[in-house]
1. With only alpha-carbon pairs counted, each pair once and no self-pairs, how large is the Kirkwood hydrodynamic radius of segment 38-135 in angstroms?
2. To the nearest 0.05, what FRET efficiency results for residue 134 and residue 67 with a Förster distance of 41 Å applied to their C-beta separation?
Ligand code: HEC
């Protein structure tokens with residue numbers, strides 16, 4: 001059934017794309033610019049990097065931690081530029097006010113390869129995620145500390161998992 005329905009759909013799609021292409025001087029359908037929503041960016045870029053940063057440190061891979069921290073900052077920068085406001089609040093300002101300190105402290109911990117300082121400042125980073133969610137009425141999105149490494153993550157080959 002599914003195969004038949006799919007075949008019928010493909011046949012229709014083929015006919016309609018032919019008829020568009022066949023029209024004299026018909027413009028090809030324009031691609032619609034896609035702006036990922038705040039939520040898209042959170043789950044595509046920010047949440048995975050928050051977690052990968054933690055895994056990097058768990059493995060003692062400080063270079064990768066530094067890399068992920070830079071990538072996380074970049075993700076927030078692009079979030080603020082693509083979505084300047086949410087609920088009449090300036091996102092770039094909100095990002096700066098909650099994230100600047102944890103970013104600076106994490107950078108120091110990574111440069112010093114200090115696992116204890118990292119754990120403390122990583123918890124601060126996670127609190128900062130949640131403070132923005134609460135401030136923008138998304139308190140339901142509660143970010144927690146990661147608890148184990150996933151084998152699918154780059155550089156996680158040597159990590160025991162359960
Ligand atoms: C400057 C504010 C701000 C900061 C800082 C922030 N978020 Fe968000 N986040 C939001 C907003 C706003 C939403 C809700 C978006 C929506 O509902 O469209 C959200 C939603 C989310 C979601 C839910 C997305 C979904 O569709 O399920 C996740 C996951 C998330 N954030 C992760 C994080 C993590 C991890 C951090 C910290 C590293 C973080 N966020 C920091 C503003 C922020």
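Computed from the coordinates by the stated procedures, all read-outs in this text should not be read as laboratory data. Note that the structure is predicted; figures quoted are calculated from it, not measured. Here the Cβ positions follow ideal geometry from the backbone for every residue, glycine too, while neighbour counts run over all protein chains shown.
1. On the way: mean 1/r = 0.0738 Å⁻¹.
Its Kirkwood hydrodynamic radius stands at 13.5 Å.
2. Numbers: r = 29 Å, r/R0 = 0.72.
About 0.90, to the nearest 0.05.
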